[in-house]
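What follows is calculated from the coordinates using simple rules that are stated; it is not laboratory data. Note that the structure is a prediction, hence the values are computed from the model and not measured. Heads up, the Cβs are rebuilt from the backbone with ideal geometry, glycines too, and the neighbour counts pull from every protein chain shown.
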Amino acid sequence: MDPARDTFKTLSPEQLRRIRDDIRATKINVLLVGGTGVGKSSTINALFENDGLEATAKIGQSAKPETMDISHHEMGNLIIWDTPGLGDSPEKDRKHQNEIISLLQKKDDKGQPLIDLIFLILDAGSRDFSSAFTLIKDIILPNLHHADRDRLLIGLNQADQAMKGHYWDRVNNRPEDNLIERLEELVKTVKDRIKADTDLNVEPIYYSAGCVMDGEVLSHPYNLQKLLSFIMDRLPKKKRAAIASHINEDEKNFEINDDKENYREKVEKSIFSSLLGYIKEVSLEVFQQVKEIATDPDNIKTALTLAARFLGNIARKK
Ligand SMILES: Nc1nc2c(ncn2[C@@H]2O[C@H](COP(=O)(O)OP(=O)(O)OP(=O)(O)O)[C@@H](O)[C@H]2O)c(=O)[nH]1
Ligand SMILES: [Mg+2]
């Protein structure tokens, strides 16, 4: 007998349909910010199933910025707002800044801030983050309600190129000690500077979105599962199960991470507890049963697998 499986089965087809419809109706709005070529499109491509996201996810190979105007791309209930890199001209910068401000001030139909997550991406190979610091201090924070300040996520992408490609173990696709030291230092610099500027405690994360050129995979992603766990932590609880059905099914993208924590388990648990919220809304009784069986370590794996399968079905049955 398998209590986790049996309990899930007690949901009626009607209840399952309602949960599915609730999840699909839950919109997730992500605002992407970062300079030209830092890897915004590559990051979205690596994290999510990208059918329908082609415009956002067009990866640049020339010096000219691919993303010229703020634009939004909907993939079912996941909406990505892609902003062009600042620094083109003062007039254009002002225009883009104003667009970012008006987006941050927008409310959804429930009166909540429209933007669930502001994802600022920096290039780990750069030494000058002054425009990003200014953006946070002058544009982002003044337009974020105090309670929503934890919606800001700072990613240092291209971790593999942070020391011009040196000290990157290409065989095992991970940084060597010298590079780890440099990346940790960078995280601290960014964190300390933002604390000094704004009194905000952020936890920047270094990762690599990987590199694909002309369809050829030149390097695989690194720390992407960790990035996903950071994203989950910063999303409102209800949105976590909703974003789950968009996660890229290519397991290879999420394979290699720093081993400080079990990020896969963290992500699965946060999706599961979000899903419990939906179950609770349609059936208090089943919710109690699922909650109880899921606290037993012998059952949690089955419960998580069932939850993942359920969300997978939601994604496929479009
Ligand atoms: N080595 C390596 N290359 C990367 C990484 N992320 C992105 N790139 C490469 O960097 C270039 C720019 O990436 P994009 O994803 O187009 O950057 P973007 O921020 O969307 O650029 P714009 O839309 O032009 O502002 C591409 O050639 C990517 O393949 C990474 O983690 N490592
Ligand atoms: Mg782009």
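Structure data summary
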{"read-out": "Ranking of 217, 202 by count of other Cβ atoms within 10 Å, fewest first", "value": "217, 202"}
{"read-out": "Nonlocal Lys pairs with alpha-carbon distance under 21 Å, region 231-274 (8 or more apart, or different chains)", "value": "10"}
{"read-out": "MRE, 222 nm, helices only [DSSP H, n ≥ 4, -39500 (n - 2.57), over the chain, to nearest 500]", "value": "-14000 deg cm²/dmol"}
{"read-out": "Kirkwood hydrodynamic radius over Cα pairs of region 27-261, then Stokes diffusion coefficient at 4 °C and 1.567 mPa s, in µm²/s", "value": "72 µm²/s"}
{"read-out": "Between 0 and 90°, nearest 10: helix 284-294 axis offset from the chain longest Cα axis", "value": "70 degrees"}
{"read-out": "Mean projected area in nm² (Cα convex hull; one quarter of hull surface) for region 189-284", "value": "8.7 nm²"}
{"read-out": "Acute angle (nearest 10 degrees) that the helix 13-25 long axis makes with the longest principal axis of the chain, alpha-carbon atoms", "value": "10 degrees"}
{"read-out": "Relative contact order computed over region 27-261 (Cα-Cα under 8 Å; 6+ residues apart), in percent", "value": "21 percent"}
{"read-out": "Debye intensity ratio I(q)/I(0), log10, region 229-318, q values 0.13, 0.18, 0.19, 0.22 Å⁻¹ (C-alpha model)", "value": "-0.45, -0.86, -0.95, -1.24"}
{"read-out": "In degrees, nearest ten, helix 263-282 long axis to first principal axis of the chain (Cα)", "value": "50 degrees"}
{"read-out": "Formal net charge of residues neighbouring residue 158 (Cβ-Cβ distance under 14 Å; K, R +1; D, E -1)", "value": "+2"}
{"read-out": "Amide hydrogen neighbours beyond the local backbone of residue 257, cut-off 5 Å, H modeled", "value": "223"}
{"read-out": "Part-to-part distance (alpha-carbon centres) for region 252-283 and region 130-203, which is given in Å", "value": "23 Å"}
{"read-out": "All-pairs alpha carbon distance profile, region 101-146, 5 Å steps from 0, percent", "value": "5, 18, 26, 20, 14, 9, 5, 3, 0"}
{"read-out": "Taking 153, 218, 16, 275 and counting other C-beta atoms within 10 Å, the order from fewest to most", "value": "218, 16, 153, 275"}
{"read-out": "For residue 28, net neighbour charge (Lys/Arg +1, Asp/Glu -1) across residues whose Cβ lies under 10 Å away", "value": "+3"}
